[in-house]
1. How far apart, in nm, are two points set 7 Å out from the Cα along the Cα-to-Cβ line at Leu359 and at His284?
2. Highest mean first, how do 93-103, 311-321, 179-189 rank when packing is the count of other Cβ atoms within 10 Å averaged over residues?
3. Relative contact order of the range 60-141, please, whole-number percent, based on alpha carbon pairs below 8 angstrom and at least 6 residues apart.
4. Give, as a single signed number, the net charge of other residues whose beta carbon lies under 12 Å from the beta carbon of Ile351, with Lys and Arg counted +1 and Asp and Glu -1.
5. About the Cα centre of the range 315-358, what is the dipole size in debye to 20, counting +1 per Lys and Arg Cβ and -1 per Asp and Glu Cβ, all else neutral?
6. Can you tell me which of 277-289, 35-47 comes out highest on packing, and rank the rest after it, using the mean Cβ neighbours within 10 Å?
7. Using +1 on the beta carbon of Lys and Arg, -1 on that of Asp and Glu, and nothing else charged, what's the dipole of the chain about the Cα centre, debye to 20?
8. Which cysteines does the chain leave without a neighbouring Cys Cβ under 4.7 Å?
Amino acid sequence: MALQSAVLERPRPPVFRPLTAAERFGVLPMPDLDFTPDIARETAHLYERVKHVIPAVEWPVHAPYVKAINDLKKVRNAVILAHNYQTPEIYNCVADVVGDSFALAREATKTHAEIIVQGGVHFMAETSKLLNPDKTVLIPDMKAGCSLAESITAADVRALRQKHPGVPVAVYVNTSAEVKAEADICLTSGNAVEVVESLGVPEVLVLPDQYLAAWIATQTKVKIITWNGACEVHERFTGEEIRRLREDDPDVTVIAHPECPPDVIREADFAGSTAKMAEYVKTHKPKRVVMITECSMADNIAALSPETEFMRPCNLCPHMKRITLPKILDSLLTMREEIIIDPVVAARARISVERMVNLKI
Ligand code: 13P
Ligand code: SF4
């Protein structure tokens, strides 16, 4: 009894709390955000890149943020990784690396900067952190989520493994670190078929996007078992919408993201990741194209394909649109919000992401 109370009374060691990025790097004062003649001159070459989508009257609102962010990136030794769905002023004027989810993950392994600011949603920032555990990864809005990432939990993956013993689990990169930690490998829409076939087995669990999984199943002999997740942006498109489009304009080229439902993909001339969609337009140079995906995609690549007319429809991703120039500036000034992943989860999740990034495909 005496021994037990001695053990209980022993002083506890202080809980180790790593310093936050704000404590390590300090908080900087807000710069002047007036649209001065100097700022107009210094940002004129950047406006050239976006003048087809941003009216001249709006540029004075963006330009001071663009200048301040580009200056601060140097002060902070930071890079901005921006997904193809980011708004044109982010994508064209402050991003250092742009691309689809796969390109961003791959490029995240190559950066020498100390700080990564993710122009994209939370799972993308987590992926950058998994690949760069010693760097500071910031997301300008912690609420930038994803309906696919929210559709499945680590417990769901464990239950699926029990139901399908021995079947490898490939999870879309659009998942939380906890879900990636339960997987064997990650995939993106840019490499999905190659990842599935690299496993060399007759059946693979592809989680959580039912539509991406259905598209993969049309491209391979491997049997695909899936989940009921969907992207809230792409699941809203319908085959009927595409058929009506073609009736109105029989020469239009339709390219769709594989997160769209199967009847949309069947109606499309091509399906591929956002990078593959951009590549398709660049190489095929269609006269008129509809990109069945998020709205910023067409805005961002239109300048590179001046011979193509980009038509609607498109849908906005409310999560991607949470990232704005003012929030990116705030992130660089305050060093928030910082991505922190439980080290045990991170160690397991990193294996799944690295297996994908290291595949020779
Ligand atoms: P990709 O850029 O990999 O095609 O992904 C699309 C998407 O929905 C990302 O959130
Ligand atoms: Fe998620 Fe869809 Fe938005 Fe991409 S577009 S972040 S998959 S909700």
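1. With each label placed 7 Å out from Cα toward Cβ, I get 2.4 nm.
2. 179-189, 93-103, 311-321
3. This gives 27 percent for the range 60-141.
4. Taking every other residue near Ile351 into account, the sum is +1.
5. That gives a dipole near 160 debye.
6. Taking the mean over residues of other Cβ atoms within 10 Å, the ranking is 277-289, 35-47.
7. Computed about the Cα centre, the dipole is about 920 debye.
8. Cys93, Cys146, Cys186, Cys231, Cys260, Cys317
We did not get these values from a lab; they are worked out from the coordinates using the rules stated. Because the structure is a prediction, the values reported are computed rather than measured. Positions of Cβ are generated from backbone atoms using ideal geometry, with glycine treated the same way; all protein chains shown enter the neighbour counts.
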